[in-house]
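Notes follow once the structure below has been shown.
Bear in mind that the values in this text are calculations on the coordinates, not laboratory data. These figures come from a predicted structure and were not determined experimentally. Every residue, glycine as well, gets a Cβ built from its backbone with ideal geometry; the counts of neighbours run over all protein chains shown.
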DNA sequence: CGTAGGCTAGACAGATCTGTCTGTTAATGT
DNA sequence: ACATTAACAGACAGATCTGTCTAGCCTACG
């Protein structure tokens, strides 16, 4: 079952103004995230999206293609939500983690879409894994650039620790008490950054 | 599909010396962990275990019961692997995370069995989720006790941060470079513990 | 005007899933 | 010697899965 790589290479952007395609992606985002990927069949998705089966397979040659598209959409959502302009690097990092904290505690949060997907796709060579790897690479590189820009003395090591922190947050937000997890974000980030910028936030 | 709670309440311990049951559990441990739970059917397991279908359903009334038993076995394995006697609390904590680091980098590591299972069982009320919660409660309580025994000034907060660290490690060990992740363990733990006991380890 | 293509409805194939059931064999303990 | 029970083999039911295919509607554009 060779998976079409079109969605990965981002070749010819598939019809952008297709309502049916849009509905399918919306349904996939909601169902895959809420219930897991293997647990949601194509029939569920086309029913939720009110789309004919042939239409679905016209836009997504296989289920794996849809899964890749789903994760790529999550990826671009997060990139948009964390894009900041004209912000000092330290503040940018803190903001990054506050956004993660907010999302990780919002109603309906069910862990990180990428971590969850990885649990269902063990094969590192699988296209789904490559989308996941690309997202993590983006996040890690962003952190490193910010730390370097902030002239952090140990950017490389600290990048890795911030990634650890991120993964801990998204897991804990689902499996432990979300409120408690979220309350930890600021303190944990400042501790990892090495006691820089510990401005207590009275209004929280 | 009501799941039998026998495996949860640990009522009458099911036949302990049953080779067939043992083989089923071994197969479940290998297959569920390596490939995911929804991805492995009962037929695969009974084939791998060389057991008749009726025998399987005799020991495990439903697949969910087997999943619970699988996770409970993982739980007791980890408890055994981290049980230490006559060790100072700080050293115990460090040893705890070194074991996690070793496991998270060993060949065939595929993330945390509990985190992965949670990704496939979204419903917090599901028996599988309860086994997961029990394991996390155990780990968290153990950490807190050790920190209190070590007279750590901020045991509660530090417990939560160590849990974040643990989750970051098991996720990173699967999704990122295992060697790099493992090399971070000692430094991260000492940083979270607050610069206590930073004895450099020359032979590593 | 005509045609290409997005879309719909739904049957269909073939595999796989969980779980049930029948019936037989072997071991064990009283 | 007999009853109980574990374990065997494997057919079977019914649901669900991915993916294919036919046939036709409707709209937009050349």
Taking chain B as the reference, fit the longest principal axis to its C-alpha atoms, fit the long axis of helix B:89-105 to the helix C-alpha atoms, and give the angle between the two in degrees, 0 to 90, nearest 10. 50 degrees
On a 0 to 90° scale, report how tilted helix A:19-35 is relative to the longest principal axis of chain A, with both axes built from alpha carbons and the result rounded to the nearest 10. 60 degrees
Helical mean residue ellipticity (222 nm; -39500 (n - 2.57) per DSSP H run of 4+; nearest 500) of the protein assembly as shown: -21500 deg cm²/dmol
Copies compared at residue A:180 - label distances in nm, ascending, label defined 7 Å from Cα in the Cβ direction: 3.2
Taking the simple approach of a point 7 Å from Cα along Cα-to-Cβ for both residue A:177 and residue A:18, what is their distance in nm? 4.8 nm
Could you give the angle, 0 to 90 degrees to the nearest 10, between helix A:63-82's Cα long axis and the longest principal axis of the Cα atoms of chain A? 30 degrees
Can you tell me the relative contact order of region B:13-61? Whole percent, Cα pairs under 8 Å, sequence separation 6 or more. 44 percent
Largest-first principal axis extents of the Cα set of chain A (Å): 57, 34, 32
Please check: in the Gaussian network model of chain B (C-alpha springs, under 10 Å), which one of B:107, B:89, B:178 has the largest mean-square fluctuation. B:107
With the calculation restricted to Cα positions, what are the radius of gyration and Dmax of the protein assembly as shown in angstrom? 22.4, 67
Nearest-0.05 FRET efficiency for residue B:47 and residue A:58, computed from C-beta distance (R0 35 Å): 0.40
For region B:13-61, what class follows from the C-alpha gyration tensor (a ≥ b ≥ c being the square roots of its eigenvalues): rounded when a/c is under 1.5, otherwise prolate if a/b is larger than b/c, else oblate? prolate
Would you mind listing the distances between the residue A:102 label point and the same position in each other copy? Use 7 Å along Cα-to-C-beta, nm, one decimal, shortest first. 4.4
Once you put a point 7 Å from the Cα of residue B:73 and another 7 Å from the Cα of residue B:95, both along the Cβ direction, what distance in nm separates them? 2.7 nm
